[in-house]
Structures are given as structure tokens and as C-alpha cells.
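Sharing a structure with you now.
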Amino acid sequence: MTLKDTTPILRIFDEVKALEFYVDFLGFKIDWKHRFEVGLPVYMQVSKDNCIIHLSEHHGDCSPGAALRIETDSLDSFQKELSGKEYKYSRQGIQDMPWGTRDMSAIDPFGNRLIFTDVMGT
């Protein structure tokens, strides 16, 4: 048996607010959306480069308030890009962490924390 990629599922409560954060602010793209029928909760996949995240309005899929670490090789330029977008709910700063990474956190409108990280010196 070989373990492969992990795809986190994050709980959302409002599709419009989720897309404003993940697509408009962070720069992810929508890969697909699914609803069992019109008016029911959405389940969708967003991605940016090699990072894939599932977003779900279904109450049984997961709990809000998750945290995930997303490795990047260009944290400074990503932070600069986000700073120029004037997203009123989030201002990102980069911190040097004692375990040897540089981290930048962004909290979505549903309490999920995305920690963008790179190894110091890369």
C-alpha cells in the first residue's frame, strides 16, 4: 500500500463568501461544484498550483475551525500580492517560527485557518 496526496475538506456556510475569500482574495480557481439538486448545499473543489481544497456546505462533512499548512516556495511574493488586494477582513504578516519555518496565516470567513509556510532560507 502507498499513501498518496491528501485533500482537506473545509466547512463553509456561504458559497458567495467562500468564493470571495478563496477565489477573489487568495487566487484559487474553481475546478468543479456539485449539488444533489437546486437549493441544496454545495460541495466544490478549488485549487491553486498543486494545492487542492474541497469546500463543503454539508453539515456532516467536517467542522468549522480547521487549520491546514500549505507549503510554498514564494511566501514573500504571495504576501505582497495579498496585501495589494484590499480584502477588508484579513491582513497578512509573515512570522519566523521557532521550528524553522516562515508562516503567514489567513482565516476564512468560517474560522478555518490556512497557514502558508516556507522553510527559512529557501
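Label point 7 Å out from Val119 along Cα-to-Cβ: which residues of region 45-76 have amide N under 14 Å?
71-74
In region 82-121, whose amide N lies under 12 Å from the spot 7 Å out along Cα-to-Cβ of Arg69? List them in ranges.
Hits in region 82-121 for Arg69 at 12 Å: 97-104, 115-120.
With n ≥ 4 as the cut-off for DSSP H runs, can you work out [θ] at 222 nm for the chain, using -39500 (n - 2.57) per run divided by the number of residues, rounded to the nearest 500?
-3000 deg cm²/dmol
Moving on. What ³J(HN,Hα) values, in whole Hz, does the Karplus curve 6.51 cos²θ - 1.76 cosθ + 1.60 give for region 37-42 when θ = phi - 60°, with x put for Gly and Pro?
Per-residue couplings from phi come out as 6, 3, x, 8, x, 9 Hz.
While we're on this one: Give the residue list of GluC sites (Glu not before Pro) in region 53-115 that are DSSP loop and have at most 15 other beta-carbon atoms within 10 angstrom.
In loop regions of region 53-115 (DSSP not H, G, I, E or B), the sparsely surrounded GluC sites (Glu not before Pro) are Glu86.
Sticking with this one: How large is the dipole of the chain about the Cα centre if only Lys and Arg carry +1 and Asp and Glu carry -1, each at its Cβ, rounded to the nearest 20 debye? Don't skip to the end; give the middle numbers.
On the way: 14 positive and 19 negative charges, 27 e Å.
About 120 debye.
Relative contact order (percent) for the chain, with alpha-carbon contacts under 8 angstrom and 6 or more residues of separation?
25
What shape does region 1-51 have by the C-alpha gyration tensor, where a ≥ b ≥ c are the square roots of the eigenvalues, rounded means a/c under 1.5, and otherwise prolate means a/b greater than b/c and oblate the rest?
It comes out oblate by the Cα gyration axes.
Something else about it: With an 8 Å Cα cut-off and a minimum separation of 6 or more residues, compute the relative contact order for region 6-54 in percent.
With pairs under 8 Å counted, the relative contact order is 37 percent.
Quick one: which of Lys29/Lys85; Lys4/Lys80; Lys33/Lys80; Lys33/Lys88 span more than 24 angstrom between C-alpha atoms?
Lys4/Lys80; Lys33/Lys80; Lys33/Lys88, as the Cα separations exceed 24 Å there.
If region 79-122 were replaced by its equivalent ellipsoid, with semi-axes equal to the square roots of 5 times the Cα gyration tensor eigenvalues, what would those be, largest first, whole Å?
Working: eigenvalues 87, 34, 9 Å².
Each semi-axis is the square root of five times an eigenvalue, giving 21, 13, 7 Å.
For labels at His34 and Thr6 in the simple 7 Å Cα→Cβ model, what's the distance in nm?
Using points 7 Å along Cα→Cβ, the separation is 2.2 nm.
Mind listing the phi-derived Karplus ³J(HN,Hα) values for region 62-74, rounded to whole Hz, using 6.51, -1.76 and 1.60 with θ = phi - 60°, and x for any glycine or proline?
5, 10, x, x, 6, 9, 9, 9, 10, 6, 9, 10, 9
Given a Förster distance of 35 angstrom, what is the FRET efficiency for Asp61 paired with Met97, based on the Cβ-Cβ distance and rounded to 0.05?
E(calc), rounded to 0.05, equals 0.70.
Over the alpha carbons of the chain, what is the largest minus smallest coordinate on each principal axis, giving the biggest first in Å?
49, 45, 23
Read-outs throughout are calculated quantities, based only on the coordinates presented, and are distinct from any laboratory measurement. Here the structure is a predicted model, which is why all the values come from computation and not from measurement. Backbone-built Cβ (ideal geometry, glycine too); neighbour counts: all protein chains shown.
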